Structures are given as C-alpha cells and as structure tokens.
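To start, the structure under review is shown below, and the notes come after it.
The values are calculated or read from the model by the stated rules, or taken from the named source; none is laboratory data. For clarity, every value in this text was computed on a predicted model and none was experimentally measured. Every residue, glycine as well, gets a Cβ built from its backbone with ideal geometry; the counts of neighbours run over all protein chains shown. Note: accessible area is taken over every heavy atom of the protein model, side chains too, but ligands, DNA and RNA are not part of it. Shrake-Rupley method; radii C 1.70, N 1.55, O 1.52, S 1.80 Å.
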Amino acid sequence: MHRAPQLTLPRGSKYLQSTWEKAYQDHRKKVRDAQPLVDTRAPLCLRHLHLNIKKLKLEEERLSVIDRDNYLLLEKMSCIMRTRAQTDNRNDYTHKSLNRGNREQERHRVQRKNKIILGRITDSEPLYQARKWQEDWARTEKYQDTRMKHHGRQQTCKGKRN
C-alpha cells in the first residue's frame, strides 16, 4: 500500500500547510487523470481485408462443379435404374490411326528407294577381282611346293629348323 510522502517542512503556518496540501492534491489529480503516450489499442478493422471476395468466388465455382458432377451421376444412375441395370460390355472399337496414310506413303517411298539402290548395286561391276586373287594364290602355292621340293625342309615362323 502506498503512503503519501511526508512533508519535509514543519508546520509553521496553516496557510503554508494548506498551500502545500492543495499543490499535492492537484498533483495527485493530474497523475490520476493522465493519458498514456503510447497507443496500445487494437488496430482499425478494415472490412475489405477480412472479406476475401476471390476466395469466395473460387469456392462458389468449386461447389458448382461438384453440383454439376452430382447431377451427371444422378442422370447415369437413373438411366441404369430405367434399363434394368443391363451393362454393355462389348468392345467393338477398331483402332483408327490419324497418321496411317502418312506412314503408308513413307513406307512406299522407302521401298522405292531401296529397290533403286538394290538395282544399282547389282548392276555395278565389282571393284575386287576375285579371279585375280585366286590366280595369285594358286601361284603362291606353286612357289611353296617348288621350294619344299628343292629345300626339303620346313622353317617355322621364327626361322628355326625342324
């Protein structure tokens, strides 16, 4: 509990005492009625920040999509109920390619080019002369036979005699 400060001046006169008490009472009133210098109240509430219109619009669109899907499902279910719930499980779908004509044309073009290249290969003269190679090999074998007859011994790859 707070106590009032004691006056330091003695009670010399009643007038002086009343002046001091009046000054003290004015001071206490000013302290009691003083306003704070720092504003500690809550900030102002701005309605346009609390009401998110875009969020509400997106939610409404989402709910409309759900309603539409539910309506479609309801239509399908009522159709099933009307037709005694018979299912159609036949799959008569034939594969239809949108690019089939282009692929066929490309295949025919490649076949024509391949035939032309095959004709050029078969009509061209060979660069290698196999007959000449056979004659050279026969001549080499003949030389080896004559050498074997004259020398009568064989040499291995490293030049050593057997």
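Heavy atoms only, probe 1.4 Å: what % of the accessible area of the range 37-144 goes to carbon and sulfur, would you let me know? On the range 37-144, the fraction of accessible area on carbon and sulfur atoms equals 57 percent.
Extending 7 Å from Cα along the Cβ direction at residue 38 and again at residue 139 yields two label points whose distance is 11.6 nm. For the range 18-92, the Kirkwood radius over C-alpha pairs fed into Stokes-Einstein at 10 °C and 1.306 mPa s yields D = 77 µm² per second. Give the aspartates and glutamates whose C-alpha is closer than 15 Å to that of residue 132, dropping any in the same chain fewer than 8 places away, or say none. Straight-distance partners of residue 132: 141. Residues of the range 97-135 with an amide N closer than 18 Å to a point placed 7 Å from the Cα of residue 146 along the Cα-to-Cβ direction: 135.
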